[in-house]
Amino acid sequence: MTTATDVTTVSMPADVFADLVGQDEAVQTLRRAAAAAGELLAAGDGDPPPSAGAMTHAWIFTGPPGSGRSVAARALAAALQCLHGQGCGRCAGCHTTRAGTHADVRFVVPDGLSISVGEMRALVLRAASTPSAGRWQVLVIEDADRLTEAAGNALLKAIEEPPPRTVFLLCTPSTHPDDISVTIRSRCRVVSLRQPPAEAVAQVLAERDGVPAETATWAAAAAQGHVGRARRLAQDQQARERREAVLAVPRRLTTVGACFDAASALIAAAEAEAEAAVADVDAAERTALQTALGAGGTGRGAASAARGTAGQIKELERRQKSRATRAQRDALDRALVDLAGFYRDVLVSALRAPVAPVHTDIAGLTGAAAEKWTAESALRRLEAVLSCREAITGNVKPRIAVEAMMLSLWRG
């Protein structure tokens, strides 16, 4: 299932590109594209303006988690609909796009593990229609790496023969064939984003969210450049408690049994976090579907109508199960990123490298581990965590991957 989602920001900066933290080069590219798009519209059927080359019909935004791939895509979408052609952030085009209510902009966010061909065909058909506001039809596909092969082929056909006023904005971790097909990549302009520096993230938290400077600095470092995660750590006590539980794992790995216990605890915590995240949405969807299908109805035909709803309820349950699986994997991955940061800090300490630590609040613990372990041992442990993340991405069952990781961490 795909949905058009709201843009959740604490405040609305005047400029739509202001949310892109530490991405000056990318912002310049997108500003030029937005300006060229406005000039193309003004030229109409006449000769294209000299700046036309700055704009194209298909874009790919790549970068590590937290770099702002979807933020960049949403910002360009708003700038394309800006009534002033620059992404002012104040006009109706910018405002409705950022609020997720613009009639000509679709934000596609996969609820589950993939985007199906049926969903993509419907979205491409919608994107091919004439813009109602006279500017652009924009299709923003977050997590485009979750396209099935058939869905990717449906999108490719649309990109190869695009309608004159349709723009496709895709977000993927990289341009590797595992993330996006080579043929789609060859027809898109790539905007590469980098991990924002911790200083820039801390500045955003302090100035835009009102987070105390000391807390903002700590959260920015702990989140490793991920703005959303930094914001959660700074403002959510439960997020901080989950992080503390993860960072306590290395001390718990004293026996084989303790390794399996730690793995079970990590999996259970991820499942609980995911269940809490999707519970309200699942309940609302089920209630809405039951109401739409006439739940509680009486009279002739009610019984036969109820029998015909089983397939729709089963399909809803399938989508919700897929969404829960994705939420569990996302929660587990956040924990693994924190754990990788710990072993990275140990390695930095062991090598006495002039690099700032990730987890500044447990410097004593990482320093003690660096005295106990060799640099090679710390590196092997770090590689075990990264291999676990890769295995889960490759659809290895999370419990098996995490148990293998815990044993590797214990052995060193």
Counting only the backbone N, which residues of the range 116-136 are under 20 Å from the spot 7 Å out from the Cα of Glu161 toward its beta-carbon? 117-131
From largest to smallest, what semi-axes in whole angstrom does the range 92-168 give when each is the square root of 5 times an eigenvalue of its alpha carbon gyration tensor? 22, 16, 8
Gaussian network model of the chain, Cα within-10 Å springs - most flexible of Thr172, Thr287, Thr62: Thr287
By how many degrees, 0 to 90 and rounded to 10, does the Cα axis of helix 149-160 deviate from the longest principal axis of the chain? 50
Taking the dipole about the Cα centre of the chain, with the C-beta of Lys and Arg at +1 and of Asp and Glu at -1, give me whichever of Pro398, Ala72, Thr130 is farthest to the positive side. Pro398
Surrounding charge for Val256, neighbours by C-beta under 11 angstrom, Lys/Arg +1, Asp/Glu -1, total -1
Ala52 paired with Gln235, simple spin-label distance in nm, labels 7 Å along Cα-to-beta-carbon: 4.4
Cα centre as origin, Lys/Arg/Asp/Glu Cβ charges: the chain dipole, Debye: 660
Just to be sure I understand: if I project the alpha-carbon convex hull of the range 152-239 onto a plane and average over all orientations, what area do I get in nm²? 8.1
Dipole in debye (nearest 20) - the range 2-192, about Cα centre, beta carbon charges: Lys, Arg +1; Asp, Glu -1: 280
Share of antiparallel DSSP beta bridges in the chain, in percent to the nearest 5? 10
Considering Cα pairs under 8 angstrom that are at least six residues apart, work out the relative contact order of the chain and quote it in whole percent. 15
The orientation-averaged projected area of the Cα convex hull of the range 2-192, in nm², is 9.9
Give me Met405, Met55 sorted ascending by neighbouring Cβ count inside 10 Å, so fewest comes first. Met55, Met405
Any chance you could give the angle, 0 to 90 degrees and rounded to 10, that helix 198-209 forms with the longest Cα principal axis of the chain? 60
If I histogram all Cα-Cα distances within the range 127-197 using bins 5 Å wide from 0, what percent of pairs lands in each bin? 3, 15, 27, 23, 15, 10, 5, 2, 0
Treating cross-link reach as a plain straight distance, find the lysines whose alpha-carbon is under 25 Å from the alpha-carbon of Lys314, omitting any fewer than eight places away in the same chain. Lys397
Computed over the chain, the ratio Rg/Rh where both radii use C-alpha atoms and Rh is Kirkwood: 1.01
Need one number: % antiparallel among DSSP beta bridges in the range 2-192, to the nearest 5. 10
List the trypsin sites (Lys or Arg not before Pro) within the range 61-120 that fall in a DSSP loop (any state other than H, G, I, E or B) and whose Cβ has at most 16 other Cβ atoms within 10 Å. Arg90
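The numbers here are math on the coordinates, done by the rules we state, and not lab data. Note that this is a predicted model, so its numbers are computed, not measured. Positions of Cβ are generated from backbone atoms using ideal geometry, with glycine treated the same way; all protein chains shown enter the neighbour counts.
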